[in-house]
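Where a number appears in this text, it was derived from the coordinates with a stated rule and is not lab data. Note that the structure is predicted; figures quoted are calculated from it, not measured. Note: ideal-geometry Cβ built from the backbone for every residue, glycine included; neighbour counts use all protein chains shown.
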Amino acid sequence: MTPLLASFDPPYWLSTVIKVLVVGAVVPTTALILGVVFLFKIMSWMQSRLGPQEAGPRGLLQLLADGVKFIQKEDIAPNGADLWVFKAAPLVVLSSTLLLYVALPASAHLVVEDLDVGVFYVLAISSLSVIGVLMAGWASANKYSLMGALRAAGQLIAYELPMVLAVIGVVIQAGTMSLNGIVFAQNGGAVFGWTGIGNPYILTQFIGFFIFIAAVQAELTQPPFDMPVAESEIVSGYQVEYTGFRFLIFFLAEFATAFVFAGIAAVMFLGGWAVPWLEASSDWYYVLGPAVLFAKVMLVSFIIFWVRFTYPRLREDQLQSFAWKFLIPLALVNIVATAVLKVVF
Amino acid sequence: MPQVPGLIKGLGVTFGEMVKTLKSGPQTTRYPHEREEPTARARGVIALHEENCTSCMLCARECPDWCIFIEAHKYVAPPRREGGKPRQKNELDRFDIDYSLCMYCGICVEVCPFDALFWTPEHEYSEIRIADLLHDKSRLAQWMETVPEFEAYEAGSEAKLRKVPKD
């Protein structure tokens, strides 16, 4: 397998086209998968109902039908809107999602760009979506939109910090910021000298994992942290004035980001695309890697969406105090403990 | 952190509900494919027992939505006994209920002094055209077939009524 793949060395332009096409195809697909599996099916089961049943086999194509419906709708912009900014905002949010997929490794070589500072890149790019959200809120010429956008900005900045701090523990332990490097470190690691399951960092960085998932939940503006789009308070926040495919892009970006964040959590805490009993350098990972990563992503997404379907919305001040008074101090303590233990052992 | 046990319990509830749904089916029914029988006293549609109606118009006047339309004319009926006086009676010409206006409050059924109106649990009478929701006398009479047998009130309901404060 390796000689075959090694002989495939396309010119720069061709490899770029292939990468763009792959990311362009993967983003809507993952959003669709998460939407159908969790938003439609798991949520329905948790509420003792069946979910969509009519479109396609067991209603699995319902989201596709909804997407087509969104595309058919008229593209409306309000009279007072700052038209150019209004139309660009969803694309800025989506571009942040697309760029996140660049660094997510599906195996040692199945990665769009294997960056040495992958962790740093991911965290930096994920905060790009705030700009899109603020653009949407400001350009809509709507008070609810602006309120929602300001809430979103406050929330995303507040939860960016615990997210970064939670990840530092993993980086200290792995000694690298490359996402692939973290996977190798976990695969080759050992728990007190026992190499049976490698060393998935969820064992040592459990607090980090908890903080990361909580922060991801807030970054995605999902319940219980969905104040920016709180429909009972500010109608729908920054999405109020968006219709048709522009709203679809917001939806797509939210679920695709959920997938990629679950993927990053899987890479950093659950061992990524590698399974413990198979060496990370094995050629099998060309095929096995994406499947393993997908399974782990579904596991992490299940946790994210389980929390989403269980808890009601927090209050705005509770949201802020949860980040500043609880998560950030906890993350700092976690970093100190990790650093001390790293030096000691 | 006193909230933590409650938060974990909440996660347990949703997870348990998911397992229950997958194992023993959901609480819902897939309506057009399978039908759920409504309870006997469900407020589906109002039926008219025409023989009991005296065209007194009480229902039409009490209706908050003004969705009942009654027209009647008087006629002289033959005397009940030999040598008696001929009686004046009301002949019901029109009794329509516009179900596009009706809000199913049931006041007409409550106020009818002659037991001419009844609730029935039948509910599948939607129409393509909104005007077809105006049920005339004969249509309302057809609903009589679906009126369930009167069920006795549950024991002790009179005692409960007395407890209601006056003011």
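Using 1/(1 + (r/R0)^6) with R0 = 30 angstrom and r between the beta carbons of B:GLU51 and B:THR28, what's the FRET efficiency to the nearest 0.05?
Efficiency at R0 = 30 Å is approximately 0.15.
Given labels modelled 7 Å from the Cα in the Cβ direction, how far is it in nm from A:VAL117 to B:MET103?
6.5 nm
Sorted from fewest to most neighbouring beta carbons within 10 Å, what does the list B:HIS123, A:HIS109 look like?
Ordered by Cβ neighbours within 10 Å, fewest first: B:HIS123, A:HIS109.
Give the order of A:TRP284, B:TRP143 when sorted by the count of other beta carbons within 10 angstrom, beginning with the fewest.
A:TRP284, B:TRP143
List the residues of segment A:302-336 whose backbone N lies under 15 Å from a point placed 7 Å from the Cα of A:LYS73 along the Cα-to-Cβ direction.
none
To the nearest whole number, what is the average tally of beta carbon atoms from other chains within 10 Å of the beta carbons of peptide B:21-32?
3
Please list, in order along segment B:99-108, the HN-Hα scalar couplings obtained from phi with the Karplus expression 6.51 cos²θ - 1.76 cosθ + 1.60 (θ = phi - 60°), rounded to whole Hz, x for Gly and Pro.
6, 7, 9, 4, 10, 6, 7, x, 5, 4
Within 10 Å, at most 13 other Cβ atoms, and a DSSP state outside H, G, I, E, B define an exposed site. Report the longest part of chain B free of exposed GluC sites (Glu not before Pro).
B:37-81
Highest GNM mean-square fluctuation, chain A, Cα pairs closer than 10 Å: which of A:ALA139, A:ALA215, A:ALA81?
So, out of A:ALA139, A:ALA215, A:ALA81, the one fluctuating most is A:ALA81.
Picking from A:VAL333, A:ILE168, A:VAL85, whose Cα lies most toward the positive end of the charge dipole for segment A:3-344 (charges on Cβ: Lys, Arg +1; Asp, Glu -1)?
Most positive-ward Cα: A:VAL333.
Springs between alpha-carbon pairs under 10 angstrom, Gaussian network model over chain A: which of A:LYS87, A:LYS73, A:LYS296 fluctuates most?
A:LYS73
Grab the Cα-Cα distance for B:ASP65 and B:GLU127, subtract it from 0.36 nm times how many residues apart they are, and report the gain in nm with one decimal.
Using 0.36 nm per residue and subtracting the Cα-Cα distance, I get 20.3 nm.
Under a cut-off of 21 Å between alpha-carbon atoms, report the lysines in cross-link reach of A:LYS41, not counting same-chain residues fewer than 8 places apart.
Result set, ordered by chain and number: A:LYS69, A:LYS296, B:LYS20, B:LYS23.
From the phi of every residue in segment A:48-54, what ³J(HN,Hα) in whole Hz does the Karplus formula 6.51 cos²θ - 1.76 cosθ + 1.60 yield, where θ is phi - 60° and glycine or proline is x?
After applying 6.51 cos²θ - 1.76 cosθ + 1.60, I find 6, 9, 9, x, x, 10, 8 Hz.
What's the angle, to the nearest 10 degrees (0 to 90), between helix A:285-310's Cα axis and the longest principal axis of chain A?
So the inclination is approximately 50 degrees.
Measuring from label point to label point, each 7 Å out along Cα→Cβ, what is the A:ASP317 to A:LYS87 span in nm?
Reported label-point gap for A:ASP317 and A:LYS87 is 4.3 nm.
Using a Gaussian network for chain A with springs between C-alpha atoms less than 10 Å apart, which of these wobbles most: A:GLY67, A:GLY80, A:GLY51?
For chain A, modelled as a Gaussian network with Cα springs under 10 Å, the answer is A:GLY80.
Sort A:TRP324, A:TRP306, A:TRP273, A:TRP84 by Cβ crowding within 10 Å, fewest neighbours at the top.
Least to most surrounded, the residues fall as A:TRP84, A:TRP324, A:TRP306, A:TRP273.
I'd like the FRET efficiency for A:SER48 and A:TRP13, computed as 1/(1 + (r/R0)^6) with the beta carbon distance as r and R0 of 60 Å, rounded to 0.05.
Computed FRET efficiency for A:SER48 and A:TRP13: 0.65.
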